[in-house]
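Coordinate-derived values only; no laboratory data. Because the structure is a prediction, the values reported are computed rather than measured. Every residue, glycine as well, gets a Cβ built from its backbone with ideal geometry; the counts of neighbours run over all protein chains shown.
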Amino acid sequence: MSHMKGLPKPYHLNYPDDLSQDSPAETPSGESPPPTHPVVTRVASNPLDRLPPSAQKLARQISEMGFPVAKVVRACEIIGQDHKKVVDFLLQVQAFEEKGFPDTKVEYVLGTLKMDEERAQQFLPSFVQLVDLGFNEEKVSAALIQSGCDRDKALDALLS
């Protein structure tokens, strides 16, 4: 289900099963009954909708290899539409995930470092630690790059 740009994402209205007017003000246990008005819930949009049609086709092909669609979409957004580079990127992300790093942080770092796996290996522990302290990803990344990946110098730069 897609939506047009500028319009809110679609909603589903979930109505309670029994909308009778005869419902008591309280249940036998003394609790208030559930509301009889519709409950609005947001429907998750298809992540493929964020990509142009040619990239959607690529993302579908790669996701058929076993990668989660949302992760493939993010990879296409970061890397572009080069099949080999996207798969390489996803494999690198997977390798870092297996080492315990969060996927979205790995994706950000690999994208920032242009898939330089060695630099990412040095960069990620400090990056994750500083971002987890509440610093902005872009500022952490810039501070780490400027400091030569020295966490303490990067922290000093972030605090100044």
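A simple packing score, the average count of other Cβ atoms within 10 Å per residue, orders the peptides 143-155, 92-104 as 143-155, 92-104, with the highest score first.
Under the simplified labelling scheme, the Gln121-His83 pair shows an inter-label distance of 3.0 nm, with each label point 7 Å from Cα along Cα→Cβ. In the structure shown, the pairs Lys84/Lys114; Lys105/Lys139; Lys71/Lys105; Lys99/Lys153; Lys71/Lys139; Lys105/Lys153 are assessed against 18 Å; a Cα-Cα span above that value is assigned to Lys99/Lys153; Lys71/Lys139; Lys105/Lys153. Placing pseudo-labels 7 Å out from each Cα toward the beta carbon at Ile145 and Asn46 gives an inter-label distance of 3.5 nm. When you count the other C-beta atoms within 10 angstrom of each residue and take the mean per peptide, 70-77, 116-123 line up highest first as 70-77, 116-123. Multiplying the residue separation of Ser160 and Met65 by 0.36 nm and subtracting their alpha-carbon distance yields 29.6 nm. Computed extension gain for Asp152 through Asp103, at 0.36 nm per residue and net of the alpha carbon distance, reaches 15.2 nm.
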